[in-house]
Amino acid sequence: MRPSSLKPASTHGDKSASPFNGVLATAKSLCDERNKRLTRLRFAALKALAESDHPLTAYNLLERVRSTRKRRLDAASIYRVLNFWMALGLVTRIASRNAYVIKADPTISGNPVMFLCASCNKSATADVGQIAKSIERDAALLGFRLQTITVECSGLCPSCAEHGEDLLAERANDKAVSGPLAPSAARGVGGRRFG
């Protein structure tokens, strides 16, 4: 994995251009290539994902899409739409957070390596490339039959690292805090939110 292959999961926070424009062009192209329809619901869900500054759970996505529609909408419909976009390679699931993001590069087959900021919840992706080959080789040596490969790395994005937003380090070094860190602190829930 080369540093040049690292990409934000989408163009979150880029106010100069709508993050949805590039995603929509790619979505239209993928739908045309595979003879699939770009329905209003698929469009609305994709737009909500592209315009979010962090990964969304299916229920977060449901609320965002529901607010733009007059018709009743249920979670099953959102999961069908998410499965549709994942099958086309435009959306990926972050297993540890049960959340979804637009893939930065839909040409990357399979799941990319996910880099997840523990402070602000933003994400970036990289091609799993050599990591996947190494995992597949090790699995074969063990006689293990792989179904999927998911690689998720938690840490701090450049912005949070620059601003010293290491919530885990702050809490771990604080002598007044007793007991283990709460999982919600690791995810940045209830903490400061940047960018």
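The values are calculated or read from the model by the stated rules, or taken from the named source; none is laboratory data. Model, not experiment: these values are computed from the prediction. We place every Cβ from the backbone using ideal geometry, glycine too, and count neighbours over all the protein chains shown.
The requirement of being in contact with a strand residue (DSSP E or B) (Cβ under 6 Å, 6 or more places away or on another chain) and either of a type in the set (S, T, N, Q) or touching a residue at least 40 places away in the same chain (Cβ under 8 Å) (or both) is fulfilled somewhere in segment 70-91, by at least one residue. Of everything in segment 1-22 that is over 14 Å from the mean Cα position of the chain (by Cα) and surrounded by 19 or more Cβ atoms within 10 Å (Cβ to Cβ), the residue that is modelled with the lowest pLDDT is PRO19. Within segment 74-94, track down each residue that is in a strand (DSSP E or B) and either of a type in the set (Ser, Thr, Tyr) or at pLDDT 95 or above (or both). Within segment 74-94, THR92 is the sole residue that qualifies. Of all the numbered requirements in (1) part of a helix (DSSP H, G or I); (2) in contact (Cβ under 8 Å) with a residue 12 or more places away in the chain; (3) among the hydrophobic types (A, V, I, L, M, F, W, C), CYS120 misses one, and that requirement is (1).
Which ones in segment 102-159 are of a type in the set (Ser, Thr, Tyr) and surrounded by 20 or more Cβ atoms within 10 Å (Cβ to Cβ)? So that I can check it myself, show each step before the final result.
Restricting attention to segment 102-159, the residues satisfying the condition of being of a type in the set (Ser, Thr, Tyr) are 107, 109, 119, 123, 125, 134, 148, 150, 154, 159.
The answer is SER119, SER123, THR125.
Listed conditions (1) within 26 Å of CYS153 (Cα to Cα); (2) modelled with pLDDT of 90 or more; (3) of a type in the set (Val, Ile, Thr) are all met by THR39, apart from (1).
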